[in-house]
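Q: Let me give you the structure first, and then I'll get to my questions.
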Amino acid sequence: MEQAQHSFPHRVDDNTAVWAEFKDLTERYSCISLGEGAPAANPPQFLVDELMKAIQEGHNQYSRTFGHPILVQSVAEYYGKKLGQEINPLTQVIVSAGAYNVIVNALLALIRPNEGEEVLVFEPGWPCYIDLVQFAGGIYRPLCLQQKDGKWHFDAEQFKNSLNNNTKLFIFNNAQNPTGKIFTREELDEMSKILENYPNVIVLSDDVYEFLTYDGTQFTGFASIGDNFKKTLSIYCPGKMMCATGWQVGWAVGPEKLIKPVSLISTTQIYCANTPVQVAYGRALPQVDKPGYKGELSFVEHIRQEFQEVRDYMFKELSEGFDLPVEPLRSESGYFILLDISKCKELIPERYLKSHQFEELKEGQDPLKVNEVFMSDGSVPLDLAFCRWIAVERGVIMMPCSLFYHKESPYRLDQHVRLVICKGLDHSIKAIERLKSKRQ
Ligand SMILES: Cc1ncc(COP(=O)(O)O)c(C=O)c1O
């Protein structure tokens, strides 16, 4: 009988996911992790209290499929103010199981599979977009962000030239993971103007880090500009905002013509999102910006200040008195900072650079299952080699940014690694101390 030829999406077919490899590395080499983007802090007490109250009040059964009435009302008011729009809570909001699930549903709802519909995405970017676009039957088209003098730049000319009549969606992550870039008002205006020539292009504005801006940098939602709301789904993540990433409820706002198909797909994935969590978020959302959470500061101002403090600490420690010639980049937002590690190549032992068999195995020890990713010239990416070396030799986990590009992307770079700044100052101090001391 003929062998079936199955075809799987990117990274399912030929790779151990990098997250799985790095989890195993953490355990085998007892590492401190600066890898995973989940905050160390617990949710604020006011949110926990609202959750307990919601359960005790009896909000424990299925609720409205597209979002609990208490939550959609709050979301419409909160983001309506931010975007300068009157948002109808019943027709212009969809709630699902995390921002991730909203994105999956949006791609499944909006892309006609295998009809050549293209999706533009900035790289380096959140790797899940790559798989999800393919899963939905779209064609992933990378756009390049370039780093110069510690800042990431968008190329308007390239953006213009990448658009065509097959472009269906533009996934626009602002504030951006992993770079921490916040697109300026001028950049947003430029993009909006270019997109006016392609009125059929839908924008999926992934704004999950919009609340977490540093140094007073202004964030402008894409949907708040001109008529952009009419073509944009703006996606938000309360788990990131309120330090409850495991609660997995997220939402999008947008025009009814986009919310409706996404809602219909949502009902094929989940009947409704977690009811008491929705009620708790609905009641907590109006509280996040209220002064007086810690001293004068609101809850959101407080976590901004905490994360910025960690960012500044890491930046200083990695810029000065560190034996490796790395250059930290000062992120403008989000859960991460990047390090430029391009000057470290000479220091990394050859076995990490030349092969995926980098371990010096003890008797009877099996090698780890690793992510066998290559650069276009067949070499092991420098950042992957660096991360493995640092994990084994110094006991700290970081993430290689070459994995934040499509494996065939012409823009793929291997010169940056990503570190989290969301684990609190104590954890970060321990990680930096570990990083600065070589293992015996
Ligand atoms: C850019 C980006 N979008 C979406 C998500 C998913 O958010 P959620 O935890 O609500 O599913 C993440 C999570 O890391 C992210 O970094």
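Q: Please state the shape class of the stretch 270-342: rounded when a/c is under 1.5, otherwise prolate if a/b exceeds b/c and oblate if not, all from the C-alpha gyration tensor.
A: On the way: a/c = 4.82, a/b = 1.95, b/c = 2.48.
Judged from the Cα gyration tensor, the stretch 270-342 comes out oblate (a/c at least 1.5, b/c at or above a/b).
Q: Would you work out which of Q134, G116, A54 lies farthest towards the positive end of the dipole of the chain? Charges go on Cβ: Lys and Arg +1, Asp and Glu -1.
A: Farthest towards the positive pole: A54.
Q: Using only the Cα atoms of the stretch 45-287, construct the convex hull and provide its projected area averaged over every direction, in square nanometres to one decimal. Each step should come with its number before you reach the end.
A: Working: hull surface 50.7 nm².
Averaging across all directions leaves 12.7 nm² for the Cα convex hull.
Q: Say the cut-off is 27 Å between C-alpha atoms; which of K345/K438; K354/K436; K343/K438; K181/K369; K82/K230 go over it? Each step should come with its number before you reach the end.
A: Working: K345/K438 17 Å; K354/K436 25 Å; K343/K438 19 Å; K181/K369 33 Å; K82/K230 16 Å.
Pairs exceeding 27 Å: K181/K369.
Q: Would you work out which of M375, S30, G84 lies farthest towards the positive end of the dipole of the chain, given +1 charges on the beta-carbon of Lys and Arg and -1 on that of Asp and Glu, about the Cα centre?
A: Farthest towards the positive end: G84.
Q: In addition: Spin-label point model (7 Å from Cα, Cβ direction): what's the Y271 to E408 distance in nm?
A: 4.2 nm
Q: What distance in nm lies between label points placed 7 Å from Cα along the C-beta direction at A40 and Y62?
A: 4.3 nm
Q: Helix 18-28 versus the longest principal axis of the chain: what is the Cα-based angle in degrees, 0 to 90, to the nearest 10?
A: Between helix and principal axis, roughly 50 degrees.
Q: Could you work out [θ]222 nm for the chain from helices alone, using -39500 (n - 2.57) per DSSP H run of at least four and dividing by all its residues? Round to the nearest 500 deg cm²/dmol. Before the final figure, lay out the partial values.
A: Numbers: 14 runs with 157 residues, N = 440.
My calculation for the chain gives -11000 deg cm²/dmol from helical runs alone.
Q: Next up: Filter K151/K430; K193/K290; K231/K294; K53/K81 down to the pairs with a C-alpha to C-alpha distance above 32 Å, please.
A: Details: K151/K430 28 Å; K193/K290 36 Å; K231/K294 38 Å; K53/K81 27 Å.
In this structure, K193/K290; K231/K294 lie more than 32 Å apart at Cα.
Q: Could you compute the FRET efficiency for E360 and K23, with r as their C-beta to C-beta distance and R0 at 25 Å, rounded to 0.05? Intermediate values should be presented prior to the final figure.
A: Numbers: r = 21 Å, r/R0 = 0.82.
Once the sixth-power term is evaluated, E becomes 0.75.
Q: Per 0.36 nm of contour for each residue apart, how much would the distance between E190 and D49 grow if the chain were fully extended, relative to their Cα-Cα spacing?
A: Numbers: separation 141, 0.36 × 141 = 50.76 nm, distance 4.40 nm.
So the chain would gain 46.4 nm between E190 and D49.
Q: For the residue pair A4 and N88, what label-to-label distance in nm results when each label sits 7 Å from Cα along the Cα-to-beta-carbon direction?
A: The modelled label-to-label distance comes out at 4.4 nm.
Q: Would you mind classifying the chain by shape? Square roots of the alpha carbon gyration tensor eigenvalues, ordered a ≥ b ≥ c; an a/c under 1.5 is rounded, otherwise it is prolate if a/b is larger than b/c and oblate if not. Display every interim value, and only then the final one.
A: Working: a/c = 1.56, a/b = 1.29, b/c = 1.21.
Prolate is the answer for the chain, as a/c is 1.5 or above and a/b outweighs b/c.
Q: Once the Cα atoms of helix 425-436 and of the chain are each reduced to a long axis, what angle between those two axes, in degrees from 0 to 90 to the nearest 10, is obtained?
A: The two axes meet at around 20 degrees.
Q: Given 0.36 nm per residue, what is the gain on full extension from S437 to Q218 after removing their alpha carbon distance, in nm? Don't skip to the answer; put the middle values down first.
A: Working: separation 219, 0.36 × 219 = 78.84 nm, distance 3.81 nm.
The span from S437 to Q218 would gain 75.0 nm if fully extended.
Q: Next question, about the same structure. With only Lys, Arg, Asp and Glu charged, each at its Cβ (+1 for the first two, -1 for the last two), find how big the charge dipole of the chain is about the Cα centre; round to the nearest 20 debye. All intermediate terms of the calculation are to be shown ahead of the outcome.
A: Values: 45 positive and 57 negative charges, 117 e Å.
With only Lys, Arg, Asp and Glu charged at Cβ, the dipole is about 560 debye.
Q: Does the stretch 86-205 classify as rounded, prolate or oblate by the C-alpha gyration tensor (a ≥ b ≥ c root eigenvalues; a/c under 1.5 gives rounded; else a/b over b/c gives prolate, otherwise oblate)? Please list the in-between numbers first.
A: Details: a/c = 1.41, a/b = 1.29, b/c = 1.09.
Rounded.
Q: Of all DSSP beta bridges located in the chain, what percent are antiparallel, nearest 5?
A: Values: 23 of 44 bridges.
Antiparallel: roughly 50 percent of the beta bridges in the chain.
Q: With springs connecting C-alpha atoms under 10 Å apart, model the chain as a Gaussian network and identify which of R418, R304, R112 has the largest mean-square fluctuation.
A: R112
Q: Shifting gears a bit: Compute the angle between helix 382-394 and the longest alpha-carbon principal axis of the chain, please, reported from 0 to 90 degrees and rounded to the nearest 10.
A: Roughly 70 degrees, rounded to the nearest 10.
Q: Right, here's the next one. Would you kindly state how much longer the chain becomes between D149 and E372 on full extension, computed as 0.36 nm times their sequence separation minus their alpha carbon distance, in nm to one decimal?
A: Gain on extension, D149 to E372, equals 77.2 nm.
Rule-based calculations on the coordinates, nothing more; no lab input. Fair warning: this is a prediction, and the values are worked out from it, not measured in the lab. Quick reminder, even Gly has a Cβ in these numbers, built from the backbone with ideal geometry, and neighbours come from all protein chains shown.
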